[in-house]
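Visitor: There's a structure below that I have some questions on.
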Amino acid sequence: MPHRNAPLTETGRLRLARCIVDDGWSLRRAAERFQVSHTTAARWAGRYRRHGSAGLADRSSRPRHSPARTAQRTERRICKLRVTHRLGPARIAARLGLPASTVHRVLVRYHMPPLAHLDRATATRIRRYERQRPGELIHVDIKKLGNIPDGGGHRVLGRPAGRRNRQAMTITTRNGYGNPRLGHAFLHTAIDDHSRLAYTEILTDETKDTASAFLRRATAWFATAGVCIERVLTDNGSCYRSRLWAETCAHLGISPKRTRPYRPQTNGKVERFHRTLAEEWAYARPYASEAERRAALAPWLHLYNHHRGHTALKGQPPASRVTNLSGQNT
């Protein structure tokens, strides 16, 4: 394929060659007319005489022989290490005593997928999918977070100071003062497969009653955005295998579906959302108390749904795919 500044395309080469071969132009005159060197004009005219118009097509610049190319046996060893051990170029290069750049070129030559595109357990390609419309599939999952004691926890103050704050709150609770919210918080999340629109609540447990009540509220919240939930996908937690969960789904007109055991990748969109939520909200900055962190959740969710660009949506926020979402432009 000619580069952007090439004076001749295949059509231009044919015109040049015909002027020389068929019309009898001199090489110098034709070269001056088509703004190329006389050696270039001679080359295209020669190809036209030998092969006709077919000889004016672009040819591969690949050399016929590559004596310095990596041995085929070594290339096989590189590919075998990639498939069996799922190693990157640097680690394969260290094992075989090769430059990492050489290993990388071999992996590209054999079309080996990046490690990020492979399942860690089976080394098979991750199948990515996306539903065609909002509400066609909602992913639901629960993430457990440790509550922050007043004054800060160990992530900010270190283990000794964080332990002292937690023990002080425990003593206060035994004396009947305050509400330290020790223990864990349970983040119940529902995220739309098509738009990545997310709804999250901080609840006290992960029982079937709590999960079923959350589904009812999540369904109502999505309905206000014009999203009618058709199917919900969960893992195999006890609350999702309960009769109450099935009855709640039937009452709401939702078809329940569960992932295969030990396959969290199937519910990967909500798993990835929880990772983003932990990085950008739960552990994004030092919180002085659990109440302060919980107060920051609603603003962050608004930012995520309305303003934060999503790589899977070509840099657009989830609200861009849900036209009826209120507050979309605020």
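Visitor: Restricting attention to region 285-305, which residues are touching a helix residue (DSSP H, G or I) at 6+ places or on another chain (Cβ under 8 Å), within 16 Å of A185 (Cβ to Cβ) and assigned to a loop (DSSP other than H, G, I, E, B)? Write out each step before concluding.
Guide: Taking region 285-305 and keeping what is touching a helix residue (DSSP H, G or I) at 6+ places or on another chain (Cβ under 8 Å), we get 286-287, 293, 296-297, 300, 304-305.
Checking the rest, the ones that are also within 16 Å of A185 (Cβ to Cβ) come to 287, 293, 296-297, 300.
Those that are touching a helix residue (DSSP H, G or I) at 6+ places or on another chain (Cβ under 8 Å), within 16 Å of A185 (Cβ to Cβ) and assigned to a loop (DSSP other than H, G, I, E, B): Y287, A296.
Visitor: Among the residues of region 78-117, which ones are more than 30 Å from Y129 (Cα to Cα) and either in contact with a strand residue (DSSP E or B) (Cβ under 7 Å, 6 or more places away or on another chain) or buried (at least 16 other Cβ atoms within 10 Å of the Cβ) (or both)?
Guide: In the first step, residues of region 78-117 are kept if they are more than 30 Å from Y129 (Cα to Cα); the result is 78, 90-103.
Residues satisfying the conditions are I78, I92, A93, L98, T102, V103.
Visitor: Among what's in region 302-323 and is hydrophobic (A, V, I, L, M, F, W, C) and either outside the structural domain of K269 (by TED's automatic domain parsing) or buried (at least 17 other Cβ atoms within 10 Å of the Cβ) (or both), pick the residue that is nearest to A278 (Cα to Cα). Don't jump to the end; show me each part of the working.
Guide: Keep residues of region 302-323 that are hydrophobic (A, V, I, L, M, F, W, C), which gives 303, 312-313, 319, 322.
Those still in the list that are either outside the structural domain of K269 (by TED's automatic domain parsing) or buried (at least 17 other Cβ atoms within 10 Å of the Cβ) (or both) too: 319, 322.
Values: A319: 21, V322: 25 Å.
Checking each candidate, the answer is A319.
Visitor: Residue by residue through region 232-282, note down the ones that are of a type outside the set (A, V, I, L, M), in contact with a strand residue (DSSP E or B) (Cβ under 9 Å, 6 or more places away or on another chain) and not in a helix (DSSP H, G or I).
Guide: Scanning region 232-282 gives T234, D235, N236, G237, C239, Y240, R241, S255, P256, K257, R258, T259.
Visitor: Inspect all residues belonging to region 260-283 and state whether any of them is free of Cβ contacts under 8 Å to residues at least 40 places away in the same chain, touching an Asp or Glu at 6+ places or on another chain (Cβ under 7 Å) and surrounded by fewer than 21 Cβ atoms within 10 Å (Cβ to Cβ).
Guide: Within region 260-283, one or more residues are free of Cβ contacts under 8 Å to residues at least 40 places away in the same chain, touching an Asp or Glu at 6+ places or on another chain (Cβ under 7 Å) and surrounded by fewer than 21 Cβ atoms within 10 Å (Cβ to Cβ).
Visitor: Specify which of the listed residues (A213, A218) is assigned by TED's automatic domain parsing to the domain that holds W245, at pLDDT 55 or above, more than 28 Å from the chain's Cα centre (by Cα) and part of a helix (DSSP H, G or I). Explain how you work it out, then say what you get.
Guide: On the way: A218 fails: more than 28 Å from the chain's Cα centre (by Cα).
Checking each option against the conditions leaves just A213.
Visitor: Related question: Looking at region 201-217 only, could you name the residues that are surrounded by fewer than 23 Cβ atoms within 10 Å (Cβ to Cβ) and either in contact (Cβ under 8 Å) with a residue 40 or more places away in the chain or under 15 Å from P318 (Cα atoms) (or both)?
Guide: From region 201-217, those surrounded by fewer than 23 Cβ atoms within 10 Å (Cβ to Cβ) are 201-210, 212-213, 216-217; that's our starting set.
I202, E206 - these are the residues of region 201-217 that are surrounded by fewer than 23 Cβ atoms within 10 Å (Cβ to Cβ) and either in contact (Cβ under 8 Å) with a residue 40 or more places away in the chain or under 15 Å from P318 (Cα atoms) (or both).
Visitor: Is it the case that region 237-247 has a residue that's surrounded by 14 or more Cβ atoms within 10 Å (Cβ to Cβ), under 16 Å from the mean Cα position of the chain (by Cα) and in contact (Cβ under 8 Å) with a residue 40 or more places away in the chain?
Guide: Within region 237-247, none of the residues are surrounded by 14 or more Cβ atoms within 10 Å (Cβ to Cβ), under 16 Å from the mean Cα position of the chain (by Cα) and in contact (Cβ under 8 Å) with a residue 40 or more places away in the chain.
The values are calculated or read from the model by the stated rules, or taken from the named source; none is laboratory data. Here the structure is a predicted model, which is why all the values come from computation and not from measurement. Quick reminder, even Gly has a Cβ in these numbers, built from the backbone with ideal geometry, and neighbours come from all protein chains shown.
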